[in-house]
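Nothing in this text is a laboratory measurement; each read-out follows from the coordinates by a stated rule. None of these values were measured; they are calculated from a predicted model. Please note: Cβ atoms are built from the backbone with ideal geometry, for glycine as well, and neighbour counts cover all protein chains shown.
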Amino acid sequence: MSEKFQAYRKRRGADLGGMVLLGLGVVGMSQGAIAQASLPDPSPARALSIAQAADAPTDSLCPAPVLSRMTRYQTRAGDTIASLAQRHNLTAETLIGMNSVLRQGNPPVGTSLLIPPINGLRVEVPSGRTWRDLAQQYRVRADVLFEANGCRPPGRVAFIPGATLSSANPAAGDTAVGAAADPNARPRITSPDRAAAILRTHPLGSPTVALVIKGYGWQIDPRSGQVVFNSGVDLAASEGNPVVSAGEGTVAFAANQGNYGNLVVVNHPEGLQTRYAQLGTIQVEVGQRVQAGDRLGTVGRSAPDQEPLLRFEVRSNSDLGWVAQDPSLYFQDMRVGQ
């Protein structure tokens, strides 16, 4: 453990040792999810969807659970499974999986169908199963699964993004859909060289001024004792320290976001996005173009009695939403204890 990390622990007086990293929890996305993924132009109009449910965790940018965003559709004359899938931008497999009546063929007029906002499958969750268990079973990114279900512990039912009936019931000896991906691999949305060219500036200007006090991935919350997925990193720094854009892009969000504090979101080329939270001040506006190194705001505190820090996230755009990426894939010094 580095000397500066030990010094921080002593100064903070918190039991950071109780924060046990449980691994990244990132496995291969299902083939269906990969096939449906698109990378729309991250313009300000598509900037950031923070449609939180009233009971969603207030300290999270997690969207409302997919199962709470289902809609109903009454079929009309001429509706077929194929036309319904096209109309709702879903796969036929998703519609059939969510509506057993469609297994008999095209529905009669007036049939009430359940329409999810994204492709996937509603499943019963066996007692004792964790999100990591389900992610491994369905070969779905664990962080996508966690966020699609409202960043809550597993309940009786869950929505599996990108899953189909075939992936829910693989043949004997089959390893489900897709093979596990290297958790240390860079996101596939762009080449490593391009990704490094897009996000090339540390959000605090220099890694020497930052200490990673909370890393990316599955870990035990030392306060609640529950396993949670951390979708970014927390960087300790001096209050008032400048926070800068990691790359060129457009400011998509710049305001207070509940317990996340003052938040700035920047959309970058090729479907990349960075988020900067717990800012002391915000010094940009929505729609503003920024270059790598341009000042976005300053380091703040989550509460008056807390140490100052910057919450930093990297995400990529897809039909499953803004999917969290490990920031240390872009900035190698963003690992716990660095």
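What is the Cα convex hull volume of segment 60-100 when expressed per residue in Å³?
Looking at segment 60-100, the number lands at 91 Å³ per residue.
Quick one: length gained pulling D305 to E285 fully straight, 0.36 nm per residue minus the C-alpha distance?
Taking D305 through E285 to full extension adds about 4.3 nm, to one decimal.
Under 5 Å between amide H atoms, partner at least 5 residues away or on a different chain: which partners does G150 have, H built in plane at 1.01 Å?
Correct list: V66.
Whose amide H sits under 5 Å from the amide H of V243, counting only residues 5 or more places off or on another chain, with H placed in the peptide plane?
Correct list: L296, G297, T298, V299.
Percent relative contact order of segment 254-338, based on C-alpha pairs within less than 8 angstrom and at least six residues apart?
Working: 140 pairs, mean separation 19.9, N = 85.
So the answer I get is 23 percent.
What three numbers, in Å, describe the spread of the alpha carbons of segment 71-152 along their principal axes, ordered from the longest?
Ordered largest first, segment 71-152 gives principal extents of 43, 22, 19 Å.
Give me the orientation-averaged projected area of the Cα convex hull of segment 219-318, in nm², one decimal.
Seen from a random direction, the Cα hull of segment 219-318 projects 6.9 nm² on average.
Over segment 225-273, what relative contact order in percent results from Cα pairs under 8 Å that are six or more residues apart? If you can, show how the numbers build up before the last one.
Working: 36 pairs, mean separation 13.0, N = 49.
With pairs under 8 Å counted, the relative contact order is 27 percent.
Please give the residues of segment 81-117, grouped as numeric ranges, whose backbone N is less than 14 Å from a label point set 7 Å along the Cα-to-Cβ vector of M70.
Only 94-102, 112-117 fall inside the zone, counting backbone N under 14 Å.
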